[in-house]
1. What are the residues in region A:74-100 that are in a loop (DSSP other than H, G, I, E, B), open to solvent by less than 30 Å² (accessible area, probe 1.4 Å) and modelled with pLDDT under 95, if any?
2. In region B:3-45, which residues are closer than 25 Å to A:TRP36 by Cβ and free of Cβ contacts under 8 Å to residues at least 40 places away in the same chain?
3. All but one of (1) open to solvent by less than 10 Å² (accessible area, probe 1.4 Å); (2) aromatic (Phe, Trp, Tyr); (3) modelled with pLDDT under 95 hold for B:TYR89; state the number of the condition that does not hold.
4. What's the total number of residues in region A:29-56 that are open to solvent by 70 Å² or more (accessible area, probe 1.4 Å) and either in a strand (DSSP E or B) or out of contact with any Phe, Trp or Tyr (no Cβ under 8 Å at 6 or more places or on another chain) (or both)?
5. Can you name every residue in region A:16-61 that is over 20 Å from B:GLY99 (Cα atoms) and under 11 Å from the mean Cα position of the chain (by Cα)?
6. Restricting attention to region B:22-45, and to residues there that are in contact with a Gly (Cβ under 9 Å, 6 or more places away or on another chain) and more than 19 Å from B:ARG55 (Cβ to Cβ), which single residue is least open to solvent (accessible area, probe 1.4 Å)?
7. Restricting to region A:105-118, and then to whatever is at the interface with chain B (Cβ under 8 Å from one of its Cβ atoms) and either more than 26 Å from B:LEU39 (Cβ to Cβ) or not in a loop (DSSP other than H, G, I, E, B) (or both), can you tell me which residue is modelled with the lowest pLDDT?
8. How about region B:46-60: which of its residues are at the interface with chain A (Cβ under 10 Å from one of its Cβ atoms) and at pLDDT 95 or above?
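The values are calculated or read from the model by the stated rules, or taken from the named source; none is laboratory data. The model shown is predicted, which means the values in this text are computed figures rather than measured ones. Reconstructed Cβ throughout: ideal geometry from the backbone, glycine too, with neighbour counts over all protein chains shown. Note: accessible area is taken over every heavy atom of the protein model, side chains too, but ligands, DNA and RNA are not part of it. Shrake-Rupley method; radii C 1.70, N 1.55, O 1.52, S 1.80 Å.
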Amino acid sequence: AQKVTQAQTEISVVEKEDVTLDCVYETRDTTYYLFWYKQPPSGELVFLIRRNSFDEQNEISGRYSWNFQKSTSSFNFTITASQVVDSAVYFCALSEPPIGGGGNKLTFGTGTQLKVEL
Amino acid sequence: DAGVTQSPTHLIKTRGQHVTLRCSPISGHKSVSWYQQVLGQGPQFIFQYYEKEERGRGNFPDRFSARQFPNYSSELNVNALLLGDSALYLCASSGDRDGPFTNYGYTFGSGTRLTVV
């Protein structure tokens, strides 16, 4: 069964600090996708990144970077030089291949609340 | 282009009542999925519909049902509401049956916040 664990419930940092959000996953498949979403207080889930299981290259997008390590089943997310606007709940999620004619879903972790203070 | 739209945005219901939540997918998207997010938790998958047929169902009681219309919009119905049904209900649309497992995108709406009193 697929499972996503985000052990950090809440993290507080001071603006301009770097912060890493941890994500550990479990899956039966060798082919899968991993995601990170941001959820501000408004509630909508904002897509940040999707990474397939065959691509272990680290990715950087501005102040955001992701470290994917299959050996440890981890997909960690780092924000460099954090800003107050980064304050939100961040979710890691996993998607396994569809089965037959069935559909597909995301399995989410419990989220990490990030608070960035001045 | 409009994104995924959900209505209503907020709703208060009494225990035992019935509720209908609505979702309009992105134009051209044929797949709609529903998720329940209880406060302090991650979203949990409820249903996926593609081409008006149910393609996936999460671990929710039969009080939860859904359908998809010819224009690909969808309704989520919950009967005999319980206090524990209080949550943010999110809808996601995708251009493909395989939802998040494709390159067609998987976009969430802002959700309907349901409070059961």
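1. If the condition is that a residue be in a loop (DSSP other than H, G, I, E, B), open to solvent by less than 30 Å² (accessible area, probe 1.4 Å) and modelled with pLDDT under 95, then A:GLU96 is the only one that fits.
2. Within region B:3-45, B:GLY40, B:GLN41, B:GLY42, B:GLN44, B:PHE45 qualify.
3. (3)
4. Here the count works out to 5.
5. A:THR20, A:LEU21, A:ASP22, A:CYS23, A:VAL24
6. If we take residues in region B:22-45 being in contact with a Gly (Cβ under 9 Å, 6 or more places away or on another chain) and more than 19 Å from B:ARG55 (Cβ to Cβ), then B:GLY42 is least open to solvent (accessible area, probe 1.4 Å).
7. A:THR107
8. Matches in region B:46-60: B:ILE46 only.
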